[in-house]
Amino acid sequence: MTAATTMTSRTTAEHELAELQREHGAPLFALMLRLSDGDRQRAEDLVQETFVRAWQHPEALRADDFDSVRPWLLTVGRRLAIDARRARQARPAEVGDSVLESARVAADHAERSVATLDVREAVKTLTPEHREVLVQVYFRGASVAEAAEALGIPPGTVKSRAYYALRALRRVLPGYAADLR
């Protein structure tokens, strides 16, 4: 085959492909748009891939079994769309930078451990009466009435000791003031 023959056949194939695109591109794009849930970029990619397949298999387009190549093009495009959808579902969804920037950061275990140690040291600075009330109400989860009964003091005293104990902790732990409300 000579260079002139190769050039002529390539030009002919390009013209045939351009004719296919003009004749069947709009209906094929409409189908791909519907199958890609309105994503124009994805639909354009599917149309382009369909025409690449047509270019790779010219024998399928010249078969005498059908009057039009449109059914073949629509079938190839539909199968490509199904394959693309399955591929997207098989891998995790992509996350943009804005999603990562607004994502909540989980607290570090080291920070929680340091906070626990700080609170323990601060509780040791309280008077034994205030410490007993905090242990009953906050650490054991007892109600005011239950703490009063366990400690043998009136409920009003439990409330006032809890108030003054938290106030003392706020002074000792200034960075944790919001957590002590």
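The values are calculated or read from the model by the stated rules, or taken from the named source; none is laboratory data. Owing to the predicted nature of the structure, the values given are computational and were not obtained by experimental measurement. Glycine also receives a Cβ, built like all others from the backbone with ideal geometry; neighbour counts cover every protein chain displayed. Surface areas here come from the heavy atoms of the whole protein model, side chains and all, with no ligands, DNA or RNA. Shrake-Rupley method; radii C 1.70, N 1.55, O 1.52, S 1.80 Å.
For the reader, a short list of remarks on this structure follows.
- Residues that are among the hydrophobic types (A, V, I, L, M, F, W, C) and either modelled with pLDDT of 85 or more or part of a helix (DSSP H, G or I) (or both) within segment 82-119 comprise Ile82, Ala84, Ala87, Ala90, Val99, Leu100, Ala110, Val114, Ala115, Leu117, Val119, listed in sequence order.
- Glu149 being more than 30 Å from Thr50 (Cα to Cα) and at pLDDT 90 or above: yes
- Counted residues, segment 120-160 - those being part of a helix (DSSP H, G or I), open to solvent by 60 Å² or more (accessible area, probe 1.4 Å) and not hydroxyl-bearing (Ser, Thr, Tyr): 14
- Filter result (farther than 14 Å from Ile82 by Cα and open to solvent by less than 40 Å² (accessible area, probe 1.4 Å)) within segment 26-51: Leu28, Phe51
- If you go through segment 63-72 and keep only what is at pLDDT below 70 and either among the acidic types (Asp, Glu) or within 15 Å of Glu19 (Cβ to Cβ) (or both), you end up with Asp64, Asp65.
- Taking every residue in segment 134-156 that is under 22 Å from Lys124 (Cβ atoms) and pairing it with any residue that is at pLDDT below 90 and open to solvent by less than 50 Å² (accessible area, probe 1.4 Å), at least 6 positions away or on another chain, the pairs with Cβ-Cβ distances below 7 Å are Leu134/Val123.
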